[in-house]
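Just so you know, all these numbers are worked out from the coordinates, no wet-lab data involved. All values derive from a computational prediction rather than experimental measurement. In this analysis, Cβ positions are derived from the backbone assuming ideal geometry, glycine residues included, and neighbour counts consider all displayed protein chains.
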Amino acid sequence: MTQTPPDLPLRALFDAQFQASRAQIDVPLSLRLDRLCRIRALIDSHGAALADAVQADFGVRSPKLTEVADFFVLRALIGDLERHTGAWMKTRRVRTPLYLQPASAHIQRQPLGVVGVIGPWNYPLQLTIGPAATALAAGNRVMIKPSELTPHSSGLLATLLHQAFSADEVCVVQGGADVAHEFASLPFDHLFFTGSTLVGRKVAAAAAANLTPTTLELGGKSPCIVDASADLDAVAIKIAHGKLLNAGQTCIAPDYLLLPQGREAEFERAFAAAVVRLFPTGAAHPDYASIVSDRHHARLLALVDEAQAKGARVVEVAPSSGSVHVRQMTPVLVFQPAADTRLMREEIFGPVLPVLSYTKLDEAIATINAGPRPLALYWFGSDGASRDRVLRGTVSGGVTVNDTLMHIAHENLPFGGVGESGWGAYHGETGFLRFTQQKPVLVQSRWAAGSLFYPPYGAAFDRVMGLLRRWL
Ligand code: NAD
């Protein structure tokens, strides 16, 4: 294993990966599976230490939450890659049209080369290791830039990956916005970014200078529509779970609720009961995560204050009397916030749920379509016709019907955004192909009649073109 010290300058690390990727373009299945095996071993052997590091990053973040939201998702993704990479990397023969026969044609699936992965802080392991494992399965080298807001888990991840991989296979670069910008400016073969829409724009601009293709997994305001046909007692716990997992710091958390007018009090009661079922001691519960930083905590409180000042009704749900971590924020419902509040214009990313009432379904659909296209959309109810109207009438990155979040766990569903919530998707074969060059190859036959198309264009040429005009 060639060892490049991970403290080399960024450009030298990139150059080492670049040289290695060009020296070994044909990456055999055995090596791809061995790399996946090393990733799996890292999670299996050091999962507890990594989960503790995430807890240290957040203040309160149950290792069990990391087990389900980071490791479970990763194991499903890696297992899928292990099972299917052999088939996915195979060359595909394609049918050849009559006018090119007897040539044959195939599509060769090749690694792109060096893939950069920039990760966010909210699920710091899933959202760095997941894309990296997918890129490795596709035969690439990977450089990872984890978030500076999670220094404990980012640091441990770097140490473990540098033990398991040579730096020209996988390396981790740590640092803040300056390092991140320098990282995004490297001429990667593909740059995979997960983070905010604001920073996504900067990443896209930096990558464009190198013509580096990007995948942007961004955020936004994901709506949750409760249909008139929904049983609120049954749906409230699913909405509360999706909203309060990781204290709302989840890219696909329902951002705001669209509720049939007149059912506000019923929903308030059902939601409060659901919160107590999930977190019996309220925000003080050890399974309820704290907000990641003082800055984000202050931002969330300011969003609620502004909405209240502009006339919204604010309800704290299951306030806790016990000892609470300073950033374990009590869940809040905000009824009828004004459209011009920051709460309704920005992604919330915390345990604050605005509730907008609607009288007709078309109104709810129009509210969604008036904003940027969301990363996720949720619909609850039993009326199939109403559900289909919402599915046909809106465009979003992904959808779960009658639950929240779960579409992310289905490996055969491409996961990604659309418009301002991002572009490109991964998971399953979609992810594998994101990091793969599908190279078309036409193999000409010595019996080919291509010379019929050559100049000088005379009578024979005219006859052939006339024939083709009738055929095609
Ligand atoms: P962020 O955009 O602030 O930071 C993400 C990463 O970008 C960090 O590693 C950061 O160092 C880096 N960065 C900062 N400035 C940069 C620059 N100029 N160039 C390149 N990189 C730069 O996001 P965050 O606060 O860490 O994460 C929260 C956001 O991420 C939310 O908007 C959330 O919706 C989104 N998110 C999306 C998904 C998804 O799969 N679509 C998943 C998780 C989070």
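Within a Cβ distance under 12 Å of ASP34, other residues only, what is the Lys/Arg minus Asp/Glu net charge? Spelling it out: positives minus negatives among the neighbours equals +2. For the residue pairs LYS221/LYS310; LYS145/LYS439; LYS145/LYS310; LYS145/LYS238; LYS202/LYS310, the alpha carbons lie more than 31 Å apart in LYS145/LYS310; LYS145/LYS238; LYS202/LYS310. Residues whose amide H falls under 5 Å from that of GLY422, counting only those 5 or more places apart or on a different chain, are LEU218, with hydrogens built in the peptide plane. Considered as an equivalent ellipsoid built on the Cα gyration tensor, the range 86-186 has semi-axes of 37, 14, 11 Å, the largest given first.
Computed from backbone phi, the HN-Hα couplings of the range 174-185 come to 10, x, x, 4, 5, 4, 4, 5, 4, 4, 5, 8 Hz, rounded to whole numbers (Karplus: 6.51 cos²θ - 1.76 cosθ + 1.60, θ = phi - 60°; Gly and Pro given as x). The string of couplings for the range 234-246 from the Karplus curve (6.51, -1.76, 1.60, θ = phi - 60°) is 6, 8, 4, 5, 6, 5, 4, 4, x, 6, 9, 4, 6 Hz, one whole number per residue in order, with x for Gly and Pro. 3J(HN,Hα) along the range 92-108, derived from phi through the Karplus expression 6.51 cos²θ - 1.76 cosθ + 1.60 where θ = phi - 60°, amounts to 9, 6, 10, 5, 9, x, 3, 6, 9, 5, x, 5, 10, 8, 8, 10, 9 Hz, with x in place of Gly and Pro. Apply the a/c threshold of 1.5 to the C-alpha gyration tensor of the range 329-437 and tell me whether it is rounded, prolate or oblate. In terms of gyration-tensor shape, prolate.
Kirkwood radius for the range 165-241, taken over all pairs of different Cα atoms as the inverse mean of 1/r, rounds to 15.6 Å.
Amide H contacts for MET329 (H built 1.01 Å from N in the peptide plane; partners 5 or more residues away or on another chain; cut-off under 5 Å): ILE291.
Shown is the FRET efficiency for ASP233 and ARG92, computed with R0 = 60 Å from the Cβ-Cβ distance and rounded to the nearest 0.05: 0.75.
Straight-line reach only, C-alpha to C-alpha below 17 angstrom: list the aspartates and glutamates that LYS90 could link to, leaving out same-chain residues fewer than 8 apart. List returned: ASP26, ASP80, GLU82, GLU429.
How big is the Rg/Rh ratio for the range 311-371, C-alpha atoms only, Rh by Kirkwood, two decimals? Over the Cα atoms of the range 311-371, Rg/Rh equals 1.06. The per residue volume of the convex hull around the alpha-carbon atoms of the chain is 182 Å³.
Can you give me the convex hull volume of the Cα atoms of the range 223-414, divided per residue and expressed in Å³?
With only Cα atoms used, the range 223-414 gives 117 Å³ per residue.
For the chain, the relative contact order works out to 18 percent when only alpha carbon pairs closer than 8 Å and six or more residues apart are counted. By the Kirkwood approach, averaging reciprocal distances over each pair of separate Cα atoms, the range 136-295 gets a hydrodynamic radius of 18.9 Å.
Here is the P(r) of the range 1-151: all C-alpha pair distances, binned every 5 Å from 0, give 2, 8, 15, 17, 17, 14, 11, 6, 4, 3, 2, 1, 1, 0 in whole percents. Across every pair of non-identical alpha carbons in the range 253-362, the mean reciprocal distance, once inverted, gives a Kirkwood radius of 14.5 Å.
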